[in-house]
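The values are calculated or read from the model by the stated rules, or taken from the named source; none is laboratory data. Not measured: the values here are computed from a predicted model. Note that we place each Cβ from the backbone using ideal geometry, even for glycine, and neighbour counts take in every protein chain shown.
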Amino acid sequence: MTAITSRLSHITSRFSRTLFIRFDLHYPIDFIAPHDNSHLSKLLNSFTRYLSREGIAFQYVWVREQSIMERHQHYHVMLLPNGNVTCHSWNHMEKADALWQRALGINYPGSLQRCNRSRDGSSHPDFIHLDRHDASYQRDIERCVEWASYLAKTRTKGYAPWHVREWGASALGN
């Protein structure tokens, strides 16, 4: 939770508007996934280059999860781009999906899951637009922390191979 709240605090102190985006990365069922996080690293390196070229400052946190029942690990990602430069998640999700497929070396759309459904199945946006000047700013920050707290759950952690990281975050200087 510290990585989540520190990235959120850092980016919102730098920019008056921030976009909070959540998405998940999965492997296709029949895919032979490596035991390490090399595919995620490829995605994050490519996505970082993409956002930098677009002139979008950002922060992120990712976690790796896998239960005993699952064949593959999967990843949850929180992305916090500068909302003064970008105001919607659509282009970023399309790009992340394409880069995840490229990292896996496949053409299999849909492995990136937009977090746009509640537990009850109802639809909601896959992002929250934070605006420091908005009256709902504090409530929106609390919504972001609550939504991101899912990344900090422990139930599906602890199954990674020895010396394989289960979470990571961008450097706070970005």
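A single member of MET93, MET69 is of a type outside the set (Phe, Trp, Tyr) and under 11 Å from the mean Cα position of the chain (by Cα), and it is MET93. Counting the residues of segment 42-64 that are surrounded by 14 or more Cβ atoms within 10 Å (Cβ to Cβ) and either of a type outside the set (Lys, Arg) or more than 15 Å from the chain's Cα centre (by Cα) (or both) gives 16. For segment 28-49, the set of residues classified as touching a Leu at 6+ places or on another chain (Cβ under 7 Å) and among the hydroxyl-bearing types (Ser, Thr, Tyr) consists of SER46 only. Criterion applied to ILE141, ILE68, ILE128, ILE106 was being out of contact with any strand residue (DSSP E or B) (no Cβ under 7 Å at 6 or more places or on another chain), of a type in the set (Val, Ile, Thr) and modelled with pLDDT of 85 or more, and the one residue passing it is ILE106. Considering each residue of segment 68-81 in turn, none proves to be among the charged types (D, E, K, R) and touching a helix residue (DSSP H, G or I) at 6+ places or on another chain (Cβ under 7 Å). Which of the residues that make up segment 65-101 are in contact with a His (Cβ under 9 Å, 6 or more places away or on another chain) and either over 24 Å from HIS129 (Cβ atoms) or surrounded by 15 or more Cβ atoms within 10 Å (Cβ to Cβ) (or both)? If the condition is that a residue be in contact with a His (Cβ under 9 Å, 6 or more places away or on another chain) and either over 24 Å from HIS129 (Cβ atoms) or surrounded by 15 or more Cβ atoms within 10 Å (Cβ to Cβ) (or both), then GLU65, GLN66, HIS72, GLN73, HIS74, TYR75, LEU79, LEU80, PRO81, GLY83, THR86, TRP100 are the ones that fit. Tallying residues that are in a loop (DSSP other than H, G, I, E, B) and of a type in the set (D, E, K, R) within segment 109-128 yields 3. Filter segment 6-41 down to residues that are of a type in the set (S, T, N, Q) and either more than 13 Å from VAL61 (Cβ to Cβ) or modelled with pLDDT under 90 (or both) and give me whichever is surrounded by the most Cβ atoms within 10 Å (Cβ to Cβ). Among those residues, the one meeting the criterion is THR18. In the condition set (1) out of contact with any Gly (no Cβ under 7 Å at 6 or more places or on another chain); (2) surrounded by 18 or more Cβ atoms within 10 Å (Cβ to Cβ), LEU130 is compliant with all but (1). A search for C-beta distances below 6 Å between a residue of segment 25-39 that is under 17 Å from GLY110 (Cα atoms) and any residue that is of a type in the set (A, V, I, L, M) and surrounded by 11 or more Cβ atoms within 10 Å (Cβ to Cβ), counting only pairs 6+ apart in sequence or on different chains, returns LEU25/LEU112; TYR27/ALA33; HIS39/ALA103; HIS39/LEU104.
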